[in-house]
Structure formats: structure tokens, C-alpha cells
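Here is the structure we will look at.
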Amino acid sequence: MKVVIAPDSFKGSISNFDAAHAIAQGWLMVRPEDQLVVAPMADGGEGTLETIAASASDSIRIPIGLPHQPIWLLLADGTAVVELASICGLTLYEELMPMQASTYELGRVLREVASDSRVERIVITVGGSASTDGGAGVLIGLGARLLNRAGFPISLGGAGLLELETIDLAGVIDAPTGGITCLMDVTNPLLGSQGSAAVFAPQKGASLAQVIELEAGLQNLQRVAGLPDFPGAGAAGGTPYGLAVAWDISLSSGALAVANAIGLESHISDCDLIITGEGRFDSQSGSGKVVGTVADIALRYGKEIKYCVGSSEDPLGDRGVALIDIAPSLDEAMFNTFQWLVEAGRRLALQQTD
């Protein structure tokens, strides 16, 4: 039996690589004769850069001068891969700061990357952000001046957007000739009931009053920038919107890009079973996320799929295993995730044996 194991990371608990290997370890306890293809997946959030790096042995890892020592990746064809989550993402904050968190550091890194003579194209993975600043921080990092009514720079973060009166793009560095692509896991607009503030800011620690303030700030950014809203503009706190103010960008599915990079479809085409998973399996999982993308490929080839997740909005039944259902507590599932993924893999293999 050939089994493809292709989970995302379980945000804040375990990487996609460790998750995949834990599930595989549990499976082999029961069915050691099976052929396993361990294919960690990502969708533009944390772990995307490392997943691409693992499939590109000739890539160069270039350090970024930040305290937590992230990197950007230079591929052999001149493509630079820059991951927002590893530069200014949600998991880097010990305490959530929904009004002050910004994308400024990402902008500074992009300015450095765009000035590198080896870079012909930039791919930015924009999932996993901590901010709702509409990409204003990116703009400032790229060299733009975002000024208030008195002509002074606005404060960083979503809180500063209400001060914004003018945007001066004269100092923005040129994009590489090959262009800019954002890899994303959502298609939400910048504004409105499905926009960045309403849908995602609460996950970043924003209260209802702060969500209202952040939405007003994003509306003001759109008023001053004059760039129409668009599907995907609200990803990563509005980062693609800010990038589009400065540069001509294209948007692409992060999960599909990673699937292509690691050759996932070829593995699935002749397998017997696919196992995928993520930390929280819910109504958003089918829209651009790893789980939904893997399920779509499995459906196309008529392959059986099982889910191995941290928790699930609806009972999984015989569709898979949720760690919260087998661990003694949520804390145990979150802090000893590898151990419980091994157990989940074992249980999934037992289902095939029964």
C-alpha cells in the first residue's frame, strides 16, 4: 500500500515536517510493510519557505539581520522567496499587539532583496501575519513616506492608519524585472464583512472595538491610496494591498505553488491513500488552505483521503483523527503534539487493518 502523508504545520505547536514524520512513525508501527511518501505541505504561511527549500537543493539561504535570524531564499533561476511569517509573523510575538503590529520589517527585507543584483523575481509568502496594517508597514519599509495632516510620518501598525493623509512613493525601490508574486491562502478583500479586520483581526488579539477601529483605518488607507479593493487584498492583514500600491503584483495560491514545487500530484496519482491535516479543521480549511488543496487533488484522482488534525469544527468520524479527541486535554495535545500525532498515525493505520 502506498500512502502519501502531506500535512500543514499545526500553528504554534509543530512544523509540517515534524507533523508528517510523526504520523509516518505511528503508521509504520502498525503497517511497516507499506510504502510511505512523506510530503510536508504549506500554503503561504509559516513553513512555506523551508518547504520550498527542501525541494530545491541548489537554493541559497541568505540570512536576514533580525534578532530571530530568519532567512530569505535565492533559487537557481534568480527567484527570491521571502516569507512574511518568519519575519514579522504571529508566532514571533510573545504578546499579541493587534493595533501596533506592522509589516515594516517585511518591507525592509524586500527592499534589500529587490536591490540584490542576483534577484530577477520575488515570491512573497504572505500567510501568518500578526498585523492588520493594510501593508502600510511594507510601503514604509520599501521607501514610501506615509504622512499625517501635519506632514509627519504616521505611527506603525493598524492604529496609525487613521492618521494617514498622504502617500509619497517617490522613494520606493523598483521591483525586479521578473515581477512580484504573492502566495496566499485566502482571497478575502481588504474591506467589509469578509475583509481583513472583520475576519482575521480577532485571531490576532483584536477586541470588537479594535476591529471597528482597524476597519476604519483600512478604509482611510484605501481612500488615500485610491487603489480599488480586490480579491486577496485582505490576506495577511492587507499586505497584498500595500504591496499593490507600490508595485505591480500578481496573486497565486500558496498551497498549489508548494504542491507543484514538491511534485505532490505525481505522488498522489498512483497512491492508495492520502493523509493530510492542520491544527484547526474548520469551514475555512477548504478555501485555499493545505487541507482543501490536497483534498481537491485527491478527488481529481479518485483517491481516499484521511484527516489528521489538532481539532475539528465538526466530528470527523471515520474520516480521520483529531488530537483533541485522543489526548487527555487541549494543553496536552498542543504541548506534546509530536507524541499525539504518532498515536494518531497509529490509529489511522489500524483503521486500514480492521
Report the full-extension gain for the segment S193 to F230: residue separation times 0.36 nm, less the Cα-Cα distance, to one decimal in nm. 11.9 nm
How much length is gained if the chain between D272 and R149 is pulled fully straight, taking 0.36 nm per residue apart and subtracting their Cα-Cα distance, in nm to one decimal? 38.0 nm
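At R0 = 56 Å, how high is the FRET efficiency between A209 and S115 if r is their beta carbon distance? Nearest 0.05 is fine.
The calculated FRET efficiency here is 0.85.
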Pairs to check: K2/K306; K204/K306; K11/K204. Give those whose C-alpha atoms are more than 19 Å from each other in this structure. K204/K306
On a full-extension model of 0.36 nm per residue, what is the gain between L350 and Q35, subtracting their alpha-carbon distance, rounded to one decimal in nm? 111.8 nm
Helix 290-300 versus the longest principal axis of the chain: what is the Cα-based angle in degrees, 0 to 90, to the nearest 10? 60 degrees
Just the Cα atoms of region 48-254, one point each, no solvent: what log10 I(q)/I(0) does Debye give at q = 0.09, 0.15, 0.19 Å⁻¹? -0.30, -0.85, -1.36
Provide the FRET efficiency to the nearest 0.05 for the I326-A76 pair, computing r from the beta carbons and using R0 = 51 Å. 0.75
Neighbour net charge for F10 - beta-carbon separation under 11 angstrom, K R +1, D E -1: -2
Amide H partners (placed H, <5 Å) of C308, local residues excluded: T276, G277, E278, V321
Whole-angstrom gap from region 109-136 to region 1-37, using each part's C-alpha centre: 31 Å
State the label only: which of (i) 1.03; (ii) 0.98; (iii) 1.00 corresponds to Rg/Rh (Cα atoms, Kirkwood Rh) computed from the shown model? (iii)
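Divide by every residue of the chain the summed helix terms, -39500 (n - 2.57) for each DSSP H run of at least 4, and state the resulting mean residue ellipticity at 222 nm, rounded to the nearest 500 deg cm²/dmol.
-10500 deg cm²/dmol
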To the nearest 10 degrees, how steeply does helix 104-114 sit against the main Cα axis of the chain, on a 0 to 90 scale? 90 degrees
Give the aspartates and glutamates whose C-alpha is closer than 20 Å to that of K289, dropping any in the same chain fewer than 8 places away, or say none. D8, D18, D43, E46, E50, E83, D185, E265, E278, E304, E313, D314
So for region 93-244: antiparallel DSSP bridges make up what percent, rounded to the nearest 5? 50 percent
As I understand it, the value is the acute angle between the Cα axis of helix 16-30 and the longest principal axis of the Cα atoms of the chain; what does it come to in degrees, rounded to 10? 10 degrees
Antiparallel content of DSSP bridges confined to the chain, in %, to 5: 30 percent
As an exercise, use a Förster radius of 30 Å and the Cβ-Cβ distance of D58 and Y93 to find the FRET efficiency, rounded to the nearest 0.05. 0.30
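Quick note: the coordinates plus some simple rules give every number you see, no bench work behind them. Since the model is a prediction, treat every value here as computed from it, not as a measurement. Because the Cβ atoms are built from the backbone with ideal geometry, glycine has one as well, and the counts that use them run over all protein chains shown.
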